[in-house]
Amino acid sequence: MNVTTFLAMLARDAHVARRNSVQLAFQTLLQPMMFVFVFGRVMTSSGLMSAEYKALLLPGIIALSMIMTGTWAVTMPLIAELQFTKEIEDRLLAPMDLEWLAVEKVVAGMIQALVSGLVVIPLGWLVMGGVNMKGANLGLFILTALLVAALSSTLGLVLGCSVGQQQVGLMFSMVMAPMIFFGCTYYPWTALAKFPILKRVVLINPLVYASEGFRSALVPQSPHLPQAVILAALFAFDTALLFFGLRQFRRKALS
């Protein structure tokens, strides 16, 4: 691999992301912030929900924002470059292995997802009027954030190489929407105790482990899946999605 070429492409994608930062922020942060305000501020201030709910909600919102940002940042440019602008043909001429073109996309998506997560933490905390994060584990939070960022960008790689232009809307309604509502973003996994079948089915949803991972790191006193299970599942999803995404990218790029 030509490291200089890799870094140059990464710098180019960073420049494009900066130019579209306002649009990207509205696309990925508006909906989570509305949920934060309605459920974390309005519902708790009115007494319809307990104040402790804010501590359960914020980690899920962080996970949701990172997944949406990283997935969108990788999926949409890939769909355009592979099917519309054909820009990928120019990139294939770069002096580095084909798979590293996809890895560069993944790294760029990870960076954007991490930035999104870091932005959501203070925004969510301010909108909700403060969240008790006593006992937060910084090391576990950083590790979880890296794994979730990788999850979002590798998922974007798979979707970007598997979905056609005409199927983008269907992708978000059939894939992303179920992931969000059954991803334990607005409630802990233990809240599904009265739905035993659903409680087990949702474990195939990677967003569950992202949400529960941030809960275990930021609000360890709240109910959550065991940390070892969370980290192992996130690593397994990252590995599987990267492997499948690289295979799909090679097939699409050379077709």
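Derivation of every value follows stated rules applied to the coordinates shown; laboratory data play no part. Keep in mind that this is a model prediction, so the values were computed, not measured. Using ideal geometry, Cβ is built from the backbone for each residue, glycine included, and neighbour counts are taken over all protein chains shown.
Roughly what % of Cα-Cα distances in the chain sit above 23 Å, to the whole percent?
Details: 16318 of 32385 pairs.
In whole percent, the share of Cα-Cα pairs in the chain beyond 23 Å is 50.
With N as its number of residues, the range 82-218 has a Cα radius of gyration that, divided by 2.2 N^0.38 Å, comes to 1.26. Annotation: lysines with alpha-carbon distance below 26 angstrom to LYS54 (same-chain offsets under eight excluded): LYS134, LYS194, LYS199.
Looking at the range 164-239, the trypsin sites (Lys or Arg not before Pro) that sit in a DSSP loop and have at most 16 other Cβ atoms within 10 Å of their own Cβ are LYS194.
Placing unit charges on the Cβ atoms of the charged side chains and taking the dipole of the range 3-254 about its Cα centre, the candidate lying farthest along the positive direction among PHE37, ALA136, MET174 is PHE37. So what is the 222 nm mean residue ellipticity for the chain from helices alone, if each DSSP H run of at least 4 adds -39500 (n - 2.57) and you divide by all residues, rounding to the nearest 500 deg cm²/dmol? That comes out to -22500 deg cm²/dmol. Compared with the dominant Cα axis of the chain, that is its longest principal axis, helix 3-19 is turned about 60°.
Using the C-alpha gyration tensor of the range 1-58, what are the square roots of 5 times its eigenvalues, in whole angstrom, with the largest one first? Don't jump to the answer; show the numbers that get you there.
On the way: eigenvalues 328, 35, 5 Å².
Each semi-axis is √(5λ); the values are 40, 13, 5 Å.
Under the simplified labelling scheme, the LEU138-ALA177 pair shows an inter-label distance of 4.2 nm, with each label point 7 Å from Cα along Cα→Cβ. Ordered by the number of other Cβ atoms lying within 10 Å of each residue's own Cβ, fewest first, SER222, SER45, SER255, SER65 fall into the sequence SER255, SER45, SER222, SER65. Label positions at GLU99 and ARG12, each projected 7 Å from the Cα along the C-beta direction, are separated by 2.2 nm. Take the Cα of LEU254, step 7 Å toward its Cβ, do the same at SER46, and the gap between the two points is 5.8 nm.
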